[in-house]
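Trainee: Got a structure for you, questions after.
The values are calculated or read from the model by the stated rules, or taken from the named source; none is laboratory data. Because the structure is a prediction, the values reported are computed rather than measured. Every residue, glycine among them, receives a Cβ derived from its backbone with ideal geometry; neighbour counts consider all protein chains shown. The protein model used for the area step is the full one, side chains on, heavy atoms only, and it has no ligands, DNA or RNA in it. Shrake-Rupley method; radii C 1.70, N 1.55, O 1.52, S 1.80 Å.
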Amino acid sequence: MDKQSNLRLILAVAISFVVIVVWSKFFAPDPTVQKSDSTQKTHVSQPSNVTNEMIPNSALHSTIANTNDNATDMKGVPTNLQSNKEILVRIQSEEFDIDIDVLGTISQAYLKADKYIQPYQENIFTHIGRLFGMVSGENKKLERLPLFATNVPLYPLQMIFIDPVYGQLANTTKYSTDKTDIIVKDKPETVTLTQNLGEIVVKKILTIYPNMTYDVQIILNKPMHYIISNGMRPNADTESYVFHGVLLQNANGTIEKIEDGDAKAEGQNFNDVLFVASVDRYYTSLLYADKPLSSITVGAFGKGLPRPFINVNTQEEILHGYIGPKDYKLLESINPHLTSVVEYGRITFFAKYIFTLLNFLYQYIGNWGVAIIALTIIIRIILFPLSFKGMVGMQKLKDLAPKMKEIQEKHKGNPQKMQAAMMELYKKHGANPLGGCLPLILQIPVFFAIYRVLYNAVELKNAPLMWWIHDLSVMDPYFVLPILMGISMYLQQALTPTTFTDPMQAKVFKWLPVIFTIFLITFPAGLILYWTINNIISIIQQLAINKMLDARKNKEIMKHHHKKHINGNKNKK
């Protein structure tokens, strides 16, 4: 490969990287779900007033179709399910609150830890805006973070009977409860919800644990086919460059994903499912059982929003649920299969190992930023043999540049002869035209994996480095790291041997640090930290290799002069 091809390859990789990342960040479609209103007013019903009174529902026109034992015809399920935000039970703890409405669904869940209710990080733009009066008011901390949007068509633990009569009756009949206010501290608390439909009596015995997991035991006085949902996905994060929708894992390990906008109206059926989860960037609402769920149906509401249901035919069913952040360690402690809920896009197969190593380092270091630095060093050590080979190869190509230019001039009108002469030159001197590109190409999947980890891992939300970096998952508020990244990238290029003889090509290549700095300036500080440290290590390695190669070259020159001197003395004799 000649120098022009070498340049084209590097530029193609760099430009492709920039285009893909920028498009994904700024032009990915937004999910169509209404944002939650944290100021919504609610009312808690008292046990003495709770009866199984009917709730008018003139908007509910659809009937529920008869189905077989294994699946549900999603066309028969109402597209406007009954919703009543009148709170029946309020569950409180130090870390979260949960509201259960009079229809026996979890109508809202709130997070209360500082990590989730901290205000967004102010940056240089907000400071300038405040200085000139374009931004007013203080950036206040939330009292608690609501996870679900308002007026969504489906909530966790929403039940629908397949029988059309009981289906409509269940959606218009209030539950009663044995408790209305529950405080969860160090041990689980239990509440029993009862719905009297005449011949059918429904009991939901709900046990809530301190880590936001829960068990629900559903008991009917006689067997009936019904479906129950883990609910629509949380909507507590507006980031669009992540997967939003329903995710489930089959018993064979296959991950199925139905993204917002992609669900089919007729529904998709899945058998032997380990869990079903509705997810946004950081949070999830999921259900699973002690054994694989025999039948899951995922259909669509308006605009293709997925609506997941578990088919149940038993008189008594026990399910386990979780609502909260997609914290890897917590999910693993609940059930190892649930770690698949933490999803990093198409590069998940690689990114999950990057996160595992990063999390391992954090357990010993205690600072995510320093853990990223340690991770970068480890990755560079692993890639060092290839980096070393690539750097030495680039130096060889630089040394051969004059001879390469001679060949180009000599065979200017004959590309085939020029290419053959070039390959002969490479072979003679042990040079590899691709050697310098390989380390760069190998680092791109690592870069993307770290990029997705920093965007998706809720553990890094509001995780500080030091000084002005208070949140590694968002941009550097004062752009210090991006500027350092650009400078380090420029220094790295200045030290790296090149074979450019065309001034225009050299100029274009030198502009790459500026292009990268501009495009990455708003990316997560943790990602820029990785790239900056990576550049600094490359600079150190390049200086060491250049010194080693210079020493080797001087040694060869001295050896050549010594040999020439000896031969000269022999000739005199």
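Trainee: Return the residue satisfying two criteria in turn: it lies in region 248-261 and is among the aliphatic types (A, V, I, L, M) and at pLDDT below 90, and of such residues it is least open to solvent (accessible area, probe 1.4 Å).
Mentor: Ranking the qualifying residues of region 248-261, first place goes to 258.
Trainee: Would you confirm, using the coordinates I've provided, whether residue 198 is assigned to a loop (DSSP other than H, G, I, E, B), under 25 Å from residue 337 (Cβ atoms), small (Gly, Ala, Ser) and open to solvent by 30 Å² or more (accessible area, probe 1.4 Å)?
Mentor: no
Trainee: Moving on. Taking residue 277 as meeting all but one of (1) free of Cβ contacts under 8 Å to residues at least 24 places away in the same chain; (2) under 22 Å from residue 215 (Cβ atoms), write down the number of the exception.
Mentor: (1) is the only condition that residue 277 fails.
Trainee: Being modelled with pLDDT of 75 or more, hydrophobic (A, V, I, L, M, F, W, C) and over 22 Å from the mean Cα position of the chain (by Cα) narrows it down to one residue among 533, 469; which is it?
Mentor: It is 533.
Trainee: Same structure, new question: Looking at this structure, is residue 356 β-branched (Val, Ile, Thr), open to solvent by 30 Å² or more (accessible area, probe 1.4 Å) and under 17 Å from the mean Cα position of the chain (by Cα)?
Mentor: In short, yes.
Trainee: Name the residue, out of 162, 208, that is under 28 Å from residue 90 (Cα atoms), touching a residue at least 60 places away in the same chain (Cβ under 8 Å) and among the aliphatic types (A, V, I, L, M). Full working, then the answer.
Mentor: Working: 162 fails: under 28 Å from residue 90 (Cα atoms).
It is 208.
Trainee: I need every pair where a residue in region 99-120 that is farther than 18 Å from residue 323 by Cα and at pLDDT below 90 has its Cβ under 8 Å from the Cβ of a residue that is open to solvent by 10 Å² or more (accessible area, probe 1.4 Å) and part of a strand (DSSP E or B), sequence separation at least 6 or different chains.
Mentor: Within 8 Å, no pair qualifies.
Trainee: Counting only residues that are open to solvent by less than 40 Å² (accessible area, probe 1.4 Å), hydrophobic (A, V, I, L, M, F, W, C) and in a strand (DSSP E or B), how many does region 316-345 have?
Mentor: 2
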